[in-house]
Amino acid sequence: MTGKRWQLAHGRHLDLGDRALVMGILNVTPDSFSDGGAFDAPERALEQARRMIAEGAAIVDVGGESTRPGAAPVSSTEEQDRVLPIIDALARSGDALISVDTYREETARLAVAAGAHIVNDVWGAQRESGIAKVAAETGAGLVLMHTGREREKLPDVIDDQFLFLRRSLEIAREAGVKDGQIVLDPGFGFAKDADENLDLMARFSELAQLGYPLLAGTSRKRFVGHVTGREAADRDAGTAATSVILRLQGADIFRVHDVAINVDALAFADAMLARQTNLPGR
């Protein structure tokens, strides 16, 4: 697979391509859909972060507001009170790269100042466009995610991806974000039903036309339960299966709750990709 270097804040970077990278989800919220309240105390959150790093997470993604459908919104102050102490502690330990899961410009700016390397925006810079300016000014990596919430979608899942993500890319470029800072996320589960999610998985390789590294966030999503019949907490094996499928179709980064099972599954996907590349006649 063709390698790309993802430029991050604080002079850091990640090399993408030859090996799948895992982003561990750290929800410091009381109401996230599968682990709400499990890590809302700072001590438990830091313990979980260290566990994910030990299991092979390259990035820890810290979020202070649930993005599940129907979740109660929180104020920017409350969000910051939840995430900034965790980011500061992780940054001082120096154990991993840190992402902040936020759509708010102010939270993103404070998080990068506290030590975060990546800003992960589930609204693709289309809720608060100033978040792109934060990335431009700090050099932070910027994840632009597709969502179908609060708008009319095109009937074709890939056409809608291109429509939304191209607008997000325009916002980022106008703010001065460099191409090497950007990763795209197709937003599995965000205003997409089970069929749409499965169609998006089946056609995932078409997103390579956008020309940026791709992040996949299927972990414990409802459509995984639709296929497996499992409740949210029991969807990690199903998630690992989606990770393998999406890796074989070109995904670079995988945002997951259970790091260990996905690291192992993706090691096999990478081994198969390497073998295919080295087959006679290739």
Would you be able to tell me the number of residues in segment 127-149 that are closer than 24 Å to Phe188 by Cβ and either open to solvent by less than 30 Å² (accessible area, probe 1.4 Å) or in contact with a Phe, Trp or Tyr (Cβ under 8 Å, 6 or more places away or on another chain) (or both)?
15
Across segment 151-169, which residue is least open to solvent (accessible area, probe 1.4 Å) among those that are part of a helix (DSSP H, G or I) and among the charged types (D, E, K, R)?
Asp160
Out of Ala208, Ala202, Ala172, Ala216, sole residue that is over 24 Å from Leu26 (Cα atoms), open to solvent by less than 50 Å² (accessible area, probe 1.4 Å) and hydrophobic (A, V, I, L, M, F, W, C):
Ala172
Out of all the residues in segment 64-89, which are modelled with pLDDT of 90 or more and surrounded by fewer than 20 Cβ atoms within 10 Å (Cβ to Cβ)?
Ser75, Ser76, Thr77, Glu78, Asp81, Pro85, Asp88, Ala89
What single numbered condition from (1) open to solvent by less than 60 Å² (accessible area, probe 1.4 Å); (2) within 30 Å of Ile261 (Cα to Cα); (3) over 15 Å from the mean Cα position of the chain (by Cα) fails to hold for Leu184?
(3)
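Being of a type outside the set (Gly, Ala, Ser) and either modelled with pLDDT of 95 or more or open to solvent by 20 Å² or more (accessible area, probe 1.4 Å) (or both) is the filter here; which residues of segment 33-47 pass it?
The first filter runs over segment 33-47 and keeps only residues of a type outside the set (Gly, Ala, Ser), leaving 33, 35, 39-40, 42-44, 46-47.
Passing the criteria: Phe33, Phe39, Asp40, Pro42, Glu43, Arg44, Leu46, Glu47.
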Taking interchain pairs and intrachain pairs at least six residues apart, which have beta carbon atoms under 8 angstrom, with the first residue in segment 269-282 and under 21 Å from Thr242 (Cβ atoms) and the second β-branched (Val, Ile, Thr) and modelled with pLDDT of 80 or more?
Ala269/Val244
Within segment 12-27, which residues are surrounded by fewer than 21 Cβ atoms within 10 Å (Cβ to Cβ) and within 13 Å of Gln48 (Cα to Cα)?
none
Determine, yes or no, whether Asp95 is open to solvent by 30 Å² or more (accessible area, probe 1.4 Å), within 20 Å of Ile59 (Cα to Cα) and part of a loop (DSSP other than H, G, I, E, B).
yes
Name the residue that is farthest from Val177 (Cα to Cα), counting only residues in segment 108-128 that are more than 17 Å from the chain's Cα centre (by Cα) and part of a helix (DSSP H, G or I).
Ala114
Residues of segment 169-207 satisfying the condition of being within 27 Å of Ala237 (Cβ to Cβ) and touching a Leu at 6+ places or on another chain (Cβ under 8 Å)
Val183, Leu184, Asp185, Pro186, Phe188, Lys192, Met201, Phe204, Leu207
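Could you tell me whether any residue of segment 132-143 is of a type outside the set (Phe, Trp, Tyr) and in a loop (DSSP other than H, G, I, E, B)? Write out each step before concluding.
Step one: of segment 132-143, the residues of a type outside the set (Phe, Trp, Tyr) are 132-143.
Among the residues that remain, those that are also in a loop (DSSP other than H, G, I, E, B) are: 139-140.
Yes, because at least one residue in segment 132-143 is of a type outside the set (Phe, Trp, Tyr) and in a loop (DSSP other than H, G, I, E, B).
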Check whether at least one residue in segment 98-112 is touching a strand residue (DSSP E or B) at 6+ places or on another chain (Cβ under 8 Å) and either on the phi > 0 side of the Ramachandran plot or surrounded by fewer than 23 Cβ atoms within 10 Å (Cβ to Cβ) (or both), and report yes or no.
yes
So which of Ala233, Ala191, Ala271 is surrounded by fewer than 17 Cβ atoms within 10 Å (Cβ to Cβ), on the phi < 0 side of the Ramachandran plot and at pLDDT 95 or above?
Ala271
Do the conditions hold for Gly56, that is, is it assigned to a loop (DSSP other than H, G, I, E, B), at positive phi and modelled with pLDDT of 90 or more?
yes
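The values are calculated or read from the model by the stated rules, or taken from the named source; none is laboratory data. Just so it is clear, the structure is predicted and the values come from calculations on it, not from any experiment. So basically every Cβ, Gly included, is an ideal-geometry build from the backbone, and we count neighbours across all protein chains shown. Ligands, DNA and RNA are stripped out before the accessible areas are found, and what is left, the full protein with its side chains, is counted by its heavy atoms. Shrake-Rupley method; radii C 1.70, N 1.55, O 1.52, S 1.80 Å.
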